[in-house]
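Asker: Sharing a structure, written as structure tokens. Questions coming.
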Number of protein chains: 2
Amino acid sequence: MCHHCDYKSLLEQSGLGASENRLSVLEVIGNNSYPLSAGDIFKTVERHSAINRVTVYRILDVLVDHGIVDRISTGGRAFYYGLAPNSHHQPHSHFYCKHCGQMDCLNPESLSVDANLLKKTFPGRIDKVEVRVDGICKNCIK
Amino acid sequence: MCHHCDYKSLLEQSGLGASENRLSVLEVIGNNSYPLSAGDIFKTVERHSAINRVTVYRILDVLVDHGIVDRISTGGRAFYYGLAPNSHHQPHSHFYCKHCGQMDCLNPESLSVDANLLKKTFPGRIDKVEVRVDGICKNCIK
DNA sequence: AATTTTAATGCAAATTTTTTGCATTAAAAG
DNA sequence: CTTTTAATGCAAAAAATTTGCATTAAAATT
């Protein structure tokens, strides 16, 4: 749960209307300590207010397009969504458990990437460098 | 195109029968300089010999399970497949162009990851660390 | 305040990618 | 030559996401 983010102004700062649904989706993502799938988000929002699955997908697209939320690819089939790095959240990588499918955020200090040389020499445009660690989480390993 | 890999013995060393189809799939993957989707692989193999799409998926599963091929997640919907690192191919990361969907292999020197601290402290099992760079490739940027 | 325009949402259906179940063929072992 | 196992094919299902079009809600304009 994030005490620093004001989701309403996060939306407004990006020129997005802060509709009920957008706020709900963003809150579910932001208040969770690990990334969630679109399906997870849908189920969670749906518990408290009526929303359509497609609306969730569309809101996620908008949030990702505006850089508020990050779309994170797993070693599985679905994308997961988490708050994009901002002044309160530094960039970090993720762990994906191939047994239970849960993603966890990794401590930024435990893993470092140096892409400076690439950024200097790459002939295209680089938008993001995603690091994902795959394996079996401590709960599933037993 | 890889001149060093003997695909037949790669299969046999893993205790896998070197069927016509398995060889075709592995050759398509190995002779390509960048990872391909299951669909790409299917279409390519199909040009020269009759094969079913499902067979391609099953062969890919077997090859991944035996560590011959790596399943690489993209910023898009489908998985891509490339030769797993071995004595002739050192581990490297990939670039994914979100416009045309092509993946490219990045020079291992241009990007370095240090996961030592994570490996020491992580309470689960770590199988692989995948680094993917997303952006727009030089062809699509024009 | 009524009307027009734009933005957000819903619903049904389609698409894409991958998986499953079961039948068939081919290869290996006995 | 027969039995067993491995590999493949085909049809259908499943999962995740996307599309098209209708509807409602909000914002802007008259």
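Asker: Starting from the amide H of residue A:37, placed 1.01 Å from N in the peptide plane, find each other amide H under 5 Å away whose residue is 5 or more places distant or on another chain.
Answerer: Amide H neighbours of residue A:37: A:81.
Asker: Just the accessible area per residue of the protein assembly as shown, please: how many Å² with a 1.4 Å probe?
Answerer: Spelled out: the 1.4 Å probe surface of the protein assembly as shown, per residue, equals 55 Å².
Asker: Additional query: Sorted by packing (mean other beta-carbon atoms within 10 Å per residue), highest first, where do A:15-22, A:35-42 land?
Answerer: Ranking the peptides A:15-22, A:35-42 by packing returns A:35-42, A:15-22.
Asker: Which semi-axes, in whole Å and largest first, does the equivalent ellipsoid of chain B have when worked out from the alpha carbon gyration tensor as the square roots of 5 times its eigenvalues?
Answerer: For chain B, the ellipsoid semi-axes come out as 26, 21, 14 Å.
Asker: Convert each backbone phi in the range B:75-88 into a coupling constant with the Karplus relation 6.51 cos²θ - 1.76 cosθ + 1.60 (shift: θ = phi - 60°), then list the ³J(HN,Hα) values in order as whole Hz, x for Gly and Pro.
Answerer: Along the range B:75-88, the couplings run x, x, 8, 9, 7, 10, 10, x, 4, 6, x, 8, 4, 8 Hz.
Asker: On to the next question. Give me Rg/Rg_expected for the protein assembly as shown, where Rg uses Cα atoms only and Rg_expected = 2.2 N^0.38 Å with N residues.
Answerer: Cα Rg divided by the expected 2.2 N^0.38 Å: 1.08.
Asker: A 26 angstrom limit on the alpha carbon distance is what I want to check against. Which of A:120/B:142; B:43/B:98; A:128/B:43 exceed it?
Answerer: Correct reply: A:128/B:43.
Asker: Can you tell me what share of the DSSP beta bridges in the range A:7-141 is antiparallel? A percent to the nearest 5 is fine.
Answerer: Bridges in the range A:7-141 are about 75 percent antiparallel.
Asker: Separate question: Rounded to a whole number, what % of the accessible area of the range A:7-141 do carbon and sulfur atoms account for, probe 1.4 Å?
Answerer: Here carbon and sulfur together make up 47 percent of the probe-accessible area.
Asker: Using θ = phi - 60° and the Karplus curve 6.51 cos²θ - 1.76 cosθ + 1.60, what whole-Hz ³J(HN,Hα) does each residue of the range B:10-26 get, with Gly and Pro shown as x?
Answerer: With coefficients 6.51, -1.76 and 1.60, one gets 4, 5, 5, 4, 9, x, 9, x, 8, 5, 3, 5, 4, 4, 4, 4, 5 Hz.
Asker: Do you know the relative contact order of chain A, to the nearest whole percent, from alpha carbon pairs under 8 angstrom that are 6+ apart?
Answerer: About 20 percent, as a whole number.
Asker: Peptide A:132-139: average number of partner chain Cβ atoms within 10 Å per residue?
Answerer: Rounded to a whole number, the mean comes out at 6.
Asker: Tabulate in residue order the Karplus-calculated ³J(HN,Hα) for the range B:55-68, using 6.51 cos²θ - 1.76 cosθ + 1.60 with θ = phi - 60°, rounded to whole Hz; enter x for Gly and Pro.
Answerer: So the J values, rounded to whole Hz, are 4, 4, 4, 5, 5, 4, 4, 5, 5, 5, 4, 8, x, 7.
Asker: Going highest first, how would you order B:109-119, A:129-139 by mean Cβ packing within 10 Å?
Answerer: For the peptides B:109-119, A:129-139, the packing ranking is A:129-139, B:109-119.
Asker: Quick check on chain A: helices-only [θ] at 222 nm, where DSSP H runs of length 4 and up contribute -39,500 (n - 2.57) each and the sum goes over total residues. Nearest 500, please.
Answerer: -10000 deg cm²/dmol
Asker: Could you work out, residue by residue across A:116-123, how many beta carbons of other chains sit within 10 Å of that residue's beta carbon, and then give the average as an integer?
Answerer: 5
Asker: Along the positive direction of the dipole of chain A (beta-carbon charges: Lys, Arg +1; Asp, Glu -1; about the Cα centre), which of A:97, A:17, A:124 reaches farthest?
Answerer: Checking the options against the dipole of chain A, the answer is A:97.
Asker: Give the average, rounded to an integer, of partner chain Cβ atoms located within 10 angstrom of each Cβ in B:87-93.
Answerer: Across B:87-93, the average partner-chain Cβ count within 10 Å equals 1.
Asker: In Å, the Kirkwood hydrodynamic radius of the range B:19-58 over pairs of distinct alpha carbons?
Answerer: 9.9
Asker: Give the interface area between chains B and A as buried accessible surface, both sides summed, probe 1.4 Å, in Å² to the nearest 100.
Answerer: 2800
The values are calculated or read from the model by the stated rules, or taken from the named source; none is laboratory data. In this text the structure is predicted, and so the values were computed from the model without any measurement. Reconstructed Cβ throughout: ideal geometry from the backbone, glycine too, with neighbour counts over all protein chains shown. Note: areas computed on protein heavy atoms with side chains; ligands, DNA, RNA excluded. Shrake-Rupley method; radii C 1.70, N 1.55, O 1.52, S 1.80 Å.
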